[in-house]
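> Quick one: this structure, given as structure tokens, is what I'll be asking you about.
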Amino acid sequence: MSIAIIYPNRDVSAWVAALHAHDPALAIEVWPEIGAPDQVEYALCWNHPEGVLQEFPNLKCVSSLGAGVNHLLNDRSCPPEVPLVRLVDTGLKQSMAEYVMLGVLEHLRRFAGYRRQQHHAEWLPLPVPPISEVGIGLMGCGEIGRYVAGKLTAFGFPVHGWSRRPQALAGVKVFAGDDQLNAFLARSDVLVCLLPLTTETAGILDATTFSRLPANAYLINAARGAHLVEADLLSALASGHLSGALLDVFRDEPLPKSHPFWKHPRIMITPHIASVTNPRSAALQVVENYRRAVQGERLSNLVDRRQGY
Ligand code: GLV
């Protein structure tokens with residue numbers, strides 16, 4: 001009985017240490033050096049090569065190493081009868097809240113402008129709106145979205161959310177479904193995408209969505225690259241309707257060197273680091289879910305394959 005960590009080209013020693021800290025007897029195999037594939041009952045995956053899960057005939061559970069699971073749902077070789085779980089972790093939520101808060105404040109306080117001015121030794125205060133007048137629209141009100149909403153609200157931003165189904169969120173008006181999308185967008189001076197990637201949300205950040213945002217709106221995408229129609233973002237920036245974008249995720253990762261986003265003066269790029277799982281924070285739930293999987297108990301953070309998250 002073992003856990004296989006499948007995280008290609010990464011040093012996973014921190015994961016091995018964190019898992020062993022909770023259960024020193026745990027048998028852990030690290031792909032591609034798997035000694036006994038038939039012993040593997042639990043696979044912990046990030047960016048796994050498609051088809052690799054077929055090497056393990058006795059899998060009882062497949063877990064994402066992050067919050068998202070689209071990499072697993074897209075792999076047709078991922079055995080349909082084996083339950084999928086994801087990580088729900090305070091560290092992941094906190095890290096995303098830091099990223100979004102920083103992105104919003106950097107944008108509002110015009111830091112990119114001051115960096116350009118510094119380059120020319122220019123002393124020129126730029127106008128700043130009071131944050132009570134800046135509507136932050138959060139697309140996605142799941143575990144991470146709700147946490148981020150709480151932090152931004154506590155800081156003083158008027159925050160509103162959008163999700164597939166209606167839900168109650170203290171201090172935050174949540175718009176739901178296609179019918180309420182336009183009303184949500186109309187008050188989003190900063191649009192933050194934290195949605196799961198599903199067939200319904202792919203390409204949601206497109207020309208139509210952008211056209212419904214207030215003039216000069218700013219975009220933060222920390223969800224998945226496939227949410228964004230890249231050409232539509234470039235057009236919305238060129239027309240001046242959008243003032244800029246902070247992007248952490250891309251259709252092709254790493255973002256190809258020749259991609260126009262790299263040199264765009266109003267796009268800030270980070271390399272998919274908005275919220276990276278900290279093994280020390282997340283290992284306990286993996287050990288616990290492994291135990292549950294082996295003993296046939298109900299798993300936590302189970303993914304609904306039909307919903308896509
Ligand atoms: C990061 O992208 C994650 O899904 O955890």
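> Within region 168-211, name every residue whose backbone N is under 19 Å away from a label modeled 7 Å from Cα of Glu133 along the Cβ vector.
Residues 186-191 fall inside that zone.
> Relative to the longest principal axis of the C-alpha atoms of the chain, give the angle of the C-alpha long axis of helix 90-108, reported between 0 and 90° and rounded to the nearest 10°.
20
> A follow-up question, please. Taking the Cα-to-Cβ direction at Leu126 and at Glu288 and moving 7 Å from each Cα, how far apart do the two end points lie in nm?
4.4
> Can you give me the C-alpha center-to-center distance between region 251-282 and region 88-163, rounded to a whole angstrom?
So the separation of the two Cα centres works out to 17 Å.
> Another question about this same structure. Which whole-number percent gives the relative contact order of region 90-269, counting Cα pairs below 8 Å spaced six or more residues apart? If you can, show how the numbers build up before the last one.
Details: 296 pairs, mean separation 29.0, N = 180.
Result for region 90-269 is 16 percent.
> Residues of region 115-169: accessible area per residue at 1.4 Å, in Å²? Before the final figure, lay out the partial values.
Working: 3290 Å² over 55 residues.
Accessible area per residue, region 115-169: 60 Å².
> Here's another thing I want to ask about it. Calculate the FRET efficiency for Ile28 and Arg280 from the Cβ-Cβ distance with a Förster distance of 22 Å, rounded to the nearest 0.05. Could the numbers behind the result be given before it?
Details: r = 16 Å, r/R0 = 0.71.
With a Förster radius of 22 Å, E is 0.90.
> Run the numbers on the chain and let me know its relative contact order in percent, using alpha-carbon pairs under 8 Å that are six or more apart. Don't skip to the end; give the middle numbers.
On the way: 548 pairs, mean separation 55.1, N = 309.
With pairs under 8 Å counted, the relative contact order is 18 percent.
> Measure off, as a whole percent, the carbon and sulfur share of the 1.4 Å-probe accessible area of region 135-226, all protein chains present. Please report the intermediate quantities before stating the final value.
Numbers: 1870 of 3650 Å².
The nonpolar share, carbon plus sulfur, comes to 51 percent.
> To continue, here is another question. Highest mean first, how do 291-304, 119-132, 48-61 rank when packing is the count of other Cβ atoms within 10 Å averaged over residues?
Working: 291-304: 13.6, 119-132: 8.6, 48-61: 17.0.
Most protected by this proxy first, the peptides run 48-61, 291-304, 119-132.
> Using Cα atoms only, what is the angle between the long axis of helix 143-155 and the major principal axis of the chain, expressed in degrees (0 to 90) to the nearest 10?
Helix 143-155 sits at roughly 40 degrees to that axis.
> Which three extents, in angstrom, do the Cα atoms of region 90-269 have along their principal axes, listed largest first?
50, 35, 33
> Pull up all non-local amide H partners of Val85: gap of 5 or more, or a different chain, and H-to-H distance under 5 Å with H placed in the peptide plane.
Amide H to amide H, under 5 Å and 5 or more residues apart or across chains, Val85 pairs with Val62, Ser63, Ser64, Val303.
> GNM on the chain, C-alpha springs below 10 Å: top fluctuator among Met139, Met268, Met96?
Highest fluctuation among the options: Met268.
> Which three semi-axes in whole Å describe the equivalent ellipsoid of the chain, each the square root of 5 times a Cα gyration tensor eigenvalue, listed largest first? Walk me through the numbers on the way to the answer.
Numbers: eigenvalues 285, 85, 68 Å².
Over the Cα atoms of the chain, the ellipsoid semi-axes are 38, 21, 18 Å.
> Please name which of Thr270, His120, Ala18 has its Cα lying farthest along the dipole of the chain towards the positive end, using unit charges on Cβ (Lys, Arg +1; Asp, Glu -1) and the Cα centre as origin.
His120
> If I take every Cα pair under 8 Å that is 6 or more residues apart in region 126-171, average their sequence separation and divide by the length, what percent do I get for the relative contact order?
So the answer I get is 44 percent.
> A further question follows. Can you compute the modelled spin-label distance between Ser243 and Arg306, with each label point 7 Å from Cα toward Cβ, in nm?
Here the answer is 4.4 nm between the modelled labels.
> For region 52-77, list residues with backbone N below 20 Å from a point placed 7 Å from the Cα of Gln39 toward its Cβ?
Only 53-63 pass the distance filter.
> Still on this structure: Which residues does the label zone of Ser258 cover in region 213-234, counting backbone N under 20 Å from a point 7 Å along Cα→Cβ?
230-232, 234
> To the nearest 10 degrees, how steeply does helix 230-239 sit against the main Cα axis of the chain, on a 0 to 90 scale?
Helix 230-239 sits roughly 10 degrees off the main axis of the chain.
> Multiply the residue gap between Ile269 and Ala168 by 0.36 nm, knock off their C-alpha separation, and tell me the result in nm, one decimal place. Each step should come with its number before you reach the end.
Values: separation 101, 0.36 × 101 = 36.36 nm, distance 3.28 nm.
Full extension from Ile269 to Ala168 adds 33.1 nm.
The values are calculated or read from the model by the stated rules, or taken from the named source; none is laboratory data. Just so you know, these numbers come straight off a predicted model, no measurement behind them. Note: ideal-geometry Cβ built from the backbone for every residue, glycine included; neighbour counts use all protein chains shown. Quick note on the areas: whole protein, heavy atoms, side chains included, nothing else; ligands and nucleic acids left out. Shrake-Rupley method; radii C 1.70, N 1.55, O 1.52, S 1.80 Å.
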